[in-house]
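To keep things clear, I will list the structure first and then write my remarks on it.
The values are calculated or read from the model by the stated rules, or taken from the named source; none is laboratory data. Computed from a predicted structure; not experimentally measured. With ideal geometry, Cβ positions are generated from the backbone for all residues, glycine too; neighbour counts draw on all protein chains shown.
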Protein chains: 2
Amino acid sequence: MNYFEIIGFFAAILTTVAFFPQVIKVYKTKETKSISLSMYIVFSIGVLFWLIYGLHLKSLPIVLANAITLISSIYILHMKIKHK
Amino acid sequence: MNYFEIIGFFAAILTTVAFFPQVIKVYKTKETKSISLSMYIVFSIGVLFWLIYGLHLKSLPIVLANAITLISSIYILHMKIKHK
């Protein structure tokens, strides 16, 4: 793995784990007022498209990162709809 | 452009524009209580890493999508710090 592949690898990890504190915050507080509903609708569809694209490319990092992010995003979306 | 390239193209557009409604919401309301500070710190670093990776690959879609997302993410982070 070269220098730039490591950068790409960390990029995927960081943009995936970034959603965990938001998931935890929403889970703990049930508070979603300042979170944008539109953002999480569009984002979830986009991440689903990345997942399909990754499956086509047979790219494990793209599939794995986007599968995890899709779960985080749909959970935040679910909480936003439930606790308006 | 084949079917799956179009899927990938839409994936990049959707996950980029997804942040626009959050940017607009935060700009209008100055309200950031339920937004996670940690999420936007980690996400901004991750997107910066994607940008560096995209520059290395000379991939215009990766560079463009992540440059725009970095601006959105840093703006939301800035507003979160300013309006706690």
Out of region A:41-84, which residues are closer than 18 Å to residue B:47 by Cα and among the polar types (S, T, N, Q)? A:44, A:66, A:69, A:72, A:73
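Within region A:1-50, track down each residue that is hydroxyl-bearing (Ser, Thr, Tyr) and over 17 Å from residue B:18 (Cβ atoms). Show your work before the answer.
Step one: list which residues in region A:1-50 are hydroxyl-bearing (Ser, Thr, Tyr), which gives A:3, A:15-16, A:27, A:29, A:32, A:34, A:36, A:38, A:40, A:44.
Residues satisfying the conditions are A:3, A:27, A:29.
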Can you pull out every residue in region B:62-84 that is exposed (fewer than 15 other Cβ atoms within 10 Å of the Cβ) and not hydrophobic (A, V, I, L, M, F, W, C)? B:78, B:82, B:83, B:84
Pairs, first among the charged types (D, E, K, R) in region A:18-37, second at pLDDT 95 or above, C-beta under 6 Å, six or more apart: A:25/B:36; A:31/B:34; A:33/B:34
